[in-house]
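A short write-up of the structure that comes next.
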Amino acid sequence: MINNLQNQKGLKETEVLSPTFNLLYEYEIKDLKIMHYDLYRIKKANELDHLGIFSENEKTIKVIEWPDLIKTPLSNKLEIYLEYEKNDSERKMRINGQGKWKDFENEV
């Protein structure tokens, strides 16, 4: 997703790292800020309060891996589900949009 946005804005692709050890990586793409969270190591929901996940900003896209601890209802979200196919190198992707993303649903 991040590389796709970079291409659309005419920017050079950068390496997209998994923030497993760092809970957050931030990317600037012209006027957009992408905040890529990986919550795998978070054990308690109250630890999420310090990460800024729930702050709203029109120019920010938040990508959240392992969102299971998030109990706060988010009105505008795009959920992406990946499932392995029979061939382990292939995946099926399902997209579910809510709020301002409600018309963006797909299965690939």
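Which of the residues spanning the stretch 57-108 are part of a loop (DSSP other than H, G, I, E, B), charged (D, E, K, R) and either in contact (Cβ under 8 Å) with a residue 12 or more places away in the chain or assigned by TED's automatic domain parsing to the domain that holds Glu47 (or both)? Scanning the stretch 57-108 gives Glu58, Lys59, Lys71. Contact map, the stretch 33-54: residues that are modelled with pLDDT under 85 paired with residues that are assigned to a strand (DSSP E or B), Cβ distance under 6 Å, separation 6+ or inter-chain. No pairs are found.
Residues are listed down the side, and each one gets a yes or a no for (1) within 21 Å of Asn7 (Cα to Cα); (2) of a type in the set (Val, Ile, Thr):
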{"residue": "Asn22", "(1), (2)": "no, no"}
{"residue": "Tyr27", "(1), (2)": "yes, no"}
{"residue": "Phe54", "(1), (2)": "no, no"}
{"residue": "Thr60", "(1), (2)": "yes, yes"}
{"residue": "Ile64", "(1), (2)": "no, yes"}
{"residue": "Pro67", "(1), (2)": "no, no"}
{"residue": "Asn76", "(1), (2)": "no, no"}
{"residue": "Leu82", "(1), (2)": "no, no"}
{"residue": "Lys92", "(1), (2)": "no, no"}
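Criterion first (under 23 Å from Asn3 (Cα atoms), outside the structural domain of Glu13 (by TED's automatic domain parsing) and touching a Ser or Thr at 6+ places or on another chain (Cβ under 9 Å)) does Lys33 satisfy it? Taking the combined requirement at face value, the residue does not satisfy it. When each of Thr72, Thr60 is tested for being out of contact with any strand residue (DSSP E or B) (no Cβ under 9 Å at 6 or more places or on another chain) and of a type in the set (Ser, Thr, Tyr), the lone residue that passes is Thr72.
The values are calculated or read from the model by the stated rules, or taken from the named source; none is laboratory data. None of the values given here were measured: they were computed from a predicted structure. Glycine also receives a Cβ, built like all others from the backbone with ideal geometry; neighbour counts cover every protein chain displayed.
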